[in-house]
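These notes are about the structure you will find just below.
The values are calculated or read from the model by the stated rules, or taken from the named source; none is laboratory data. Since the model is a prediction, treat every value here as computed from it, not as a measurement. Counting neighbours? That spans all protein chains shown, and the Cβs are built from the backbone with ideal geometry, glycine included.
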Amino acid sequence: MLMKGKKGVVLGIANKRSIAYGIAKACREQGAEMAITYLNDKFQKKLAPIAQELGCEERLYPCDVTKAEEIAALKESLEKDFGKIDFIVHSIAFAPKEGLSGRFVNISKDAFNIAMDISVYSLIEVVQKLKPILSNNSSVLTLSYYGGVKYIPNYNLMGVAKAALEMSVRYLAEDLGKEGIRVNAISAGPIKTLAAAGIGDFSFMLKWNAAHSPLKKNVTIQEVGNSGMYLLSDLSSAVTGEIHYVDNGFNIMGMPAVEFDENGKPTIAWNGE
């Protein structure tokens with residue numbers, strides 16, 4: 001089993017449709033032990049059955065990343081549970097509603113600061129606080145999206161946050177590499193998660209990606225989970241600072257595939273309704 005003997009923590013599972021759940025499940029199936037975190041009491045109740053499924057019902061801890069004391073408490077709990085840990089999964093992002101609609105030029109400074117604090121700095125702070133208990137052969141994984149590289153309608157402020165997150169991955173990878181700590185990100189294709197519900201016209205985005213990715217389909221949580229497990233395992237021991245795309249190849253496309261109608265006029269290939 002690829003993750004047997006590995007111990008770690010997964011931050012950001014909201015439900016069984018979460019990408020973080022897919023990663024945690026894949027790791028558990030390969031023998032990993034883990035703790036998972038919840039944001040507040042509402043999520044604690046929702047995550048209790050998932051913690052039981054993952055074999056960590058006694059290691060379900062609060063961690064609101066806007067509260068430094070909860071990150072510090074998480075470190076103490078993990079050290080008590082495991083001594084050292086071998087992996088961290090950071091699946092946390094948030095932008096106020098105003099940052100995901102309307103004109104980008106109108107975004108407020110408060111919305112910008114909130115998005116950057118929760119979506120970007122939280123990765124740095126979590127790694128900073130948990131670094132003393134990371135093993136010498138550990139792996140940190142966070143989650144990004146193509147909207148951090150190219151313009152995506154309605155992604156707006158979150159796109160800027162993901163761009164900052166991806167650069168943070170690279171700088172952390174260089175800084176921590178000398179200590180044997182690897183840092184990578186997965187840029188997954190669109191998936192119907194709780195976070196995606198806040199993005200306007202998301203159903204259209206799903207259809208567009210399925211129609212124009214080389215593999216002509218949308219990615220699943222299981223597929224992203226398996227890729228995440230690979231990046232957390234020793235199979236990827238020489239991989240760090242990478243943004244690994246799991247999007248059925250959509251990111252390689254420079255323009256949509258073109259078909260022609262009976263009159264020889266170009267049309268955009270479309271598999272949706």
**OP:** Kindly provide the set of residues from the range 158-173 that are in contact (Cβ under 8 Å) with a residue 60 or more places away in the chain and of a type in the set (V, I, T), ordered by number.
**Re:** V169
**OP:** Sort through E70, E33, E57, E53 and tell me the only one that's over 25 Å from S233 (Cα atoms) and acidic (D, E).
**Re:** E70
**OP:** Can you tell me which residue among V183, V160, V120, V126 is within 16 Å of T240 (Cα to Cα), among the aliphatic types (A, V, I, L, M) and buried (at least 19 other Cβ atoms within 10 Å of the Cβ)?
**Re:** V183
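Among the residues of the range 104-115, is any surrounded by fewer than 16 Cβ atoms within 10 Å (Cβ to Cβ), touching a residue at least 24 places away in the same chain (Cβ under 8 Å) and out of contact with any His (no Cβ under 8 Å at 6 or more places or on another chain)?
The answer is yes; a qualifying residue exists.
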Subject >> Top-ranked residue in the range 231-258 [being assigned to a helix (DSSP H, G or I) and in contact (Cβ under 8 Å) with a residue 60 or more places away in the chain; ranked as surrounded by the fewest Cβ atoms within 10 Å (Cβ to Cβ)] >> reply: L235
**OP:** Please state which one of S119, S139, S187 is under 27 Å from K6 (Cβ atoms), assigned to a helix (DSSP H, G or I) and under 15 Å from the mean Cα position of the chain (by Cα).
**Re:** S119
**OP:** Take the range 70-108 and flag every residue that is charged (D, E, K, R) and within 18 Å of I152 (Cβ to Cβ).
**Re:** K97, E98, R103
**OP:** Looking only at the range 157-174, decide whether some residue is within 18 Å of I92 (Cβ to Cβ), among the basic types (K, R) and in contact with a helix residue (DSSP H, G or I) (Cβ under 8 Å, 6 or more places away or on another chain).
**Re:** yes
Original post:
Can you tell me how many residues in the range 132-161 are under 19 Å from D175 (Cβ atoms) and of a type outside the set (S, T, Y)?
Top reply: 7
Original post:
Within the range 142-184, restricting attention to residues that are of a type in the set (S, T, Y) and within 17 Å of the chain's Cα centre (by Cα), which residue is nearest to K97 (Cα to Cα)?
Top reply: Y155
**OP:** Please state which of the following conditions N226 fails to meet, knowing it meets all the rest: (1) more than 18 Å from the chain's Cα centre (by Cα); (2) modelled with pLDDT of 95 or more; (3) crowded, with 17+ Cβ neighbours inside 10 Å.
**Re:** (1)
Subject >> Filter result for G147 (free of Cβ contacts under 8 Å to residues at least 40 places away in the same chain and closer than 17 Å to I243 by Cβ) >> reply: yes
**OP:** Identify the single condition in (1) among the hydroxyl-bearing types (S, T, Y); (2) more than 21 Å from T240 (Cβ to Cβ); (3) in contact with a strand residue (DSSP E or B) (Cβ under 7 Å, 6 or more places away or on another chain) that Y21 does not satisfy, given that it satisfies every other one.
**Re:** (3)
Original post:
Is it fair to say E79 is among the charged types (D, E, K, R), in contact (Cβ under 8 Å) with a residue 40 or more places away in the chain and either surrounded by 12 or more Cβ atoms within 10 Å (Cβ to Cβ) or under 17 Å from G12 (Cα atoms) (or both)?
Top reply: yes
Subject >> Selection from the range 82-100 of residues that are exposed (fewer than 13 other Cβ atoms within 10 Å of the Cβ) and at negative phi >> reply: K97
Subject >> Any hit, the range 49-56, residues being assigned to a helix (DSSP H, G or I) and buried (at least 20 other Cβ atoms within 10 Å of the Cβ) >> reply: yes
